[in-house]
Amino acid sequence: MLLGSLWQSIKFLKIVKYKKYRVNVYLTRKSCRFQVPLILSATIVFLFVSANTIFAGFIQLDGIADVKTRFSRGCSSLQEVAEEARAKGIDTVIFGDQARDAVEYGIVPLERIIRNRNENPAILTMGAPAYIAEINDNDKQFEETLLIAGAEVAPFYYWTGNIFRGNLVANNSDKHLLVVGLDTPNAYEQLPILDSNFSKRYLAYSQEYFGGCILFFLLFIIAYLKGYKKKFTRFVAGIMFLLVLNNMPFRSSPFSQYKGDLGIQPYQELIDYVNSNGGLIFWNHMEAPNEIKQKGRVSYKTDPYPKDLLLTSNYGGFQSVANFPVMQIEPGREWDNVLGEYIQGKRKKPVWGYGANNYLCEDGGTELGEIRTIFLVRQKSRTDVLDAMASGRMYAVRQTGDERISLDDFTISDALSGRQASMGEELVSNDFPELKIKVRMTNGTEKSVRLSVIRNGLEVKQETIALPYELTWRDVNFDKNDGPVFYRLKVEADPKNYLVSNPIFIRFDEIVGAQDDSVAQITTKKLNMAEPIKPKVALPQNPSTPEIEPSNEAIQNKVLPEPRPLESKNIEVASVISPTILKQPIPPVAKMPTPPIFTDPFATITRSVIAKIDGVSLKNGPGPKFPEVGKLNKGDRLALIRSTKINFNGKPWLLVDLGGRKAYVWSDLVATK
């Protein structure tokens, strides 16, 4: 019976792709009745063939998001995108066609009557019912690839300049957010977008002005009918009638593009609307190029908007990986600041990062599958993918070719209680956290990468490693009394091959775990010592200063060696106080000896660099191909950390301190003093 059930289970599974280190297994989405032995045997087979894709009890699905089709700016149909995604082994596609792609300019105060509108194909232009229906129909045809509806939304723009002077500019017209999870046409049609569909949601915003126009219109109509100055009253009644039409309160947005920059209000309105309708919303390509595009007599300009991560709230996340450098993922930048606000209780929910493919055409700037989001799910379904996206169980990857970096394990555990947490989860602990990290290339290729562990916005561990790689590391170099912490990872082979994980949160509770703390078993670079406590025991006889062997061991890659337990026979866990020579026998005053301080090669800065010319580029790594993180003008000075062994045209790259962050500069462009 068991063997028969096992054979049926094998037939039920469709193995569509096999590689040395990876097997993609797809279950046909049909409703079936299973007997208990069949379920058990199918589970065993599934776990066996997908062992390399299991992450903390989840399976990994390769996903691409923000994909455009012919419904908006894309060149391919939905079916063509689905076929290409299936051919590339992509498990799920999240579409991101423009909800509304239009700008409208009118003459105030009749801006909605005397107007010119420039509109391109979009979801609401082509029809939201057709868009959703086509995605659902193709999703049924492509059983191996999940197709999920989404939309890219620009809720607001504003005008500056004047069309008659030739300096008219539409500002922030490309300031976008990705909306996912809205499954009804009405939810799309009621999106708060400028000059969009009929809506009754914002009647209260303009009903007073609208009511006043109607009142004056009726008054002048009555005066006209009674024969009072017919020419004048007819003229005024006509004007008031136009104002009534112009100020109809059935607007799709409560905001106006003619009142200047309204800050964050229109975007927070969209975020709140999506949340109220059960959807997910993410900020998109916030590193917009600061340039003006000219189209006819109108210019378009969108400034970078990374600060909006801090100014808005209750959104799901942002685009952490793109086909251009995303600076918000660097240590100590906007993402870390937002996560810090969350662990401090200033935000209700955390913010996740995802990879936006932003695919338009095959000959465009981004290939299909070049940027992916890897979802951790229990089973392959729309519900599980959206749940992973909402919960942060995902990481973003940029890749070239068919092979990518795979994060097979990133968990944090409490050794005392046995509890553990994965990406998007929170661990309550009383012990120093233990991180488990496992990274490889999906095809098993050996590759050298740079691993960065970021805790609370600081890079606390960095290593240059060879894949495949596995690490178990206990972080003891911080004070648990300082409050909660979060960890996230970045693994980079080069600027076009890297991954960015989502965070794991740790909160410390003295009640959790064992009663005795393990501080006495930790050797750190710098001990966080408690304030001295007056001893209540008898005075020591002939106190002597404890001898501490100095450590001359160099710290590689800014990482401490593996922690070694101190001899505990002379140390009491209840007190971290070490005796020293007492200056006065009564009262006893104990001074702690200076703890051993390991010399950090980056800590001593005695020299600086001065820019020789204007526009000296600061890089994220030692090479001209790395992303730019800043510029220096002639005479600008930065602290020199060290000279690297990596040369360019015979001159080495220098590591400098850029306001608490590390950056690289080519030595031929600066003077060292």
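Every number in this text was worked out from the coordinates using simple rules, so none of it is lab data. Quantities reported herein were computed from a predicted structural model and do not represent experimental measurements. When we count neighbours, we look across all protein chains shown, and the Cβ atoms used for this are built from the backbone with ideal geometry, even at glycine.
Relative contact order of the stretch 358-419: what whole-number percent is it, with Cα pairs under 8 angstrom and at least 6 residues apart?
After rounding, I find 26 percent.
How far is the Cα center of the stretch 401-415 from the Cα center of the stretch 279-345, in Å?
That distance is 25 Å.
When the Cα centres of the stretch 189-240 and the stretch 104-170 are compared, how far apart do they sit, in Å?
The distance from the Cα centre of the stretch 189-240 to that of the stretch 104-170 comes to 28 Å.
Per the Kirkwood definition applied to all pairs of different Cα atoms, how many angstroms is the hydrodynamic radius of the stretch 203-246?
For the stretch 203-246, the Kirkwood estimate is 10.5 Å.
Lys and Arg at +1, Asp and Glu at -1: add these up for the other residues within a Cβ distance under 11 Å of Phe250 and post the number.
+3
Can you give the relative contact order of the stretch 395-458 as a percent, counting alpha carbon pairs under 8 Å and 6+ residues apart?
33 percent
What ³J(HN,Hα) values, in whole Hz, does the Karplus curve 6.51 cos²θ - 1.76 cosθ + 1.60 give for the stretch 84-98 when θ = phi - 60°, with x put for Gly and Pro?
Using θ = phi - 60°, the values come out as 5, 4, 5, 5, 8, x, 8, 7, 8, 10, 10, 6, x, 5, 4 Hz.
Have a look at the stretch 401-508 and give its Rg and Dmax from the Cα atoms, expressed in angstrom.
Cα-based Rg and Dmax for the stretch 401-508 come out at 14.2, 46 Å.
Got the relative contact order for the stretch 607-672 handy, in percent, Cα pairs under 8 Å and 6 or more residues apart?
Dividing the mean separation by the residue count of the stretch 607-672 yields 37 percent.
If amide hydrogens are placed 1.01 Å from N in the peptide plane, which non-local residues have theirs closer than 5 Å to the one on Arg474?
Placed amide hydrogens put Leu435 under 5 Å from Arg474.
Could you tell me what fraction of 2.2 N^0.38 Å the Cα radius of gyration of the stretch 305-388 comes to, as a two-decimal ratio?
Compared with the compact-globule rule of thumb, the stretch 305-388 sits at 1.25.
For Asn167 paired with Thr445, estimate the spin-label separation in nm (one decimal), with each label point 7 Å from Cα along the Cα-to-Cβ line.
Here the answer is 5.2 nm between the modelled labels.
When N counts the residues of the stretch 607-672, how does its alpha-carbon radius of gyration compare numerically with 2.2 N^0.38 Å, as a ratio?
Output field value: 0.95.
For the stretch 143-230, which GluC sites (Glu not before Pro) pass both filters: DSSP loop (anything but H, G, I, E, B) and at most 16 other C-beta atoms within 10 Å?
Glu143
Quick one: Phe318, Phe324, fewest Cβ neighbours within 10 Å first, how do they rank?
By the 10 Å Cβ count, ascending: Phe324, Phe318.
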